[in-house]
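The values are calculated or read from the model by the stated rules, or taken from the named source; none is laboratory data. Remember, it's a predicted structure, so these values are computed and weren't measured experimentally. Please note: Cβ atoms are built from the backbone with ideal geometry, for glycine as well, and neighbour counts cover all protein chains shown.
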């Protein structure tokens with residue numbers, strides 16, 4: 001029974017520690033990158049509208065491959081780009097055009113009735129959708145970007161790990177006390 005408890009205890013400690021490290025990484029990388037974390041070369045963006053449903057649902061996280069050359073995309077690619085008002089949008093390319101010698105894309109959200117009003121210049125393309133979507137996790141990422149969320153996501157796993165450590169230490173101390181009592185009662189009986 002003690003062996004089973006020790007294995008379970010080690011697993012719980014490992015899981016809590018891993019959660020704390022992952023959440024710390026998400027919070028720190030999102031703050032360092034100015035909003036969206038980058039992992040293994042992918043940027044993760046939160047889907048804030050339903051313009052691309054059913055391709056991705058509102059509240060999902062999508063991975064994009066950042067680009068240095070925004071002029072290499074073709075019709076059908078899903079790109080993330082900056083609009084004139086600095087808003088970030090992810091839509092599908094429906095046509096590639098040449099405007100005054102510059103590559104521009106006509107884009108449209110899969111769920112929208114018509115194309116976007118303004119063409120997207122290649123220099124405004126941030127990257128291409130990497131076919132990785134995690135539904136509903138975007139709400140957590142947005143919360144992690146807030147001051148309260150960042151603090152909470154770092155503090156809660158730390159407090160849980162600390163609390164679990166205290167319980168484990170007290171359990172070990174009780175085990176040592178009961179072993180001492182057993183030894184002293186065994187020594188008293190053998191005389």
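Among all residues of the range 153-160, there is at least one that is at pLDDT below 75, within 31 Å of the chain's Cα centre (by Cα) and under 22 Å from residue 60 (Cβ atoms).
Within the range 68-96, the set of residues being buried (at least 17 other Cβ atoms within 10 Å of the Cβ) and over 22 Å from residue 140 (Cβ atoms) comprises 70, 73, 78, 79, 81, 91, 92, 93. Could you tell me which residue of the range 113-141 is nearest to residue 74 (Cα to Cα), considering only residues that are under 11 Å from the mean Cα position of the chain (by Cα) and in a helix (DSSP H, G or I)? The selected residue is 138. Highlighted here are the strands (runs of 3 or more DSSP E) found entirely within the range 22-107 that include at least 3 residues which are under 12 Å from the mean Cα position of the chain (by Cα), farther than 20 Å from residue 118 by Cβ and modelled with pLDDT under 85: 42-46. The condition of being at pLDDT 75 or above and assigned to a helix (DSSP H, G or I) holds for residue 12. Tell me yes or no: at least one residue of the range 144-152 is over 21 Å from the mean Cα position of the chain (by Cα) and either at negative phi or at pLDDT 75 or above (or both). No. Checked against the criterion of being modelled with pLDDT of 80 or more and closer than 30 Å to residue 6 by Cα, the candidates 163, 171 yield just one match: 163.
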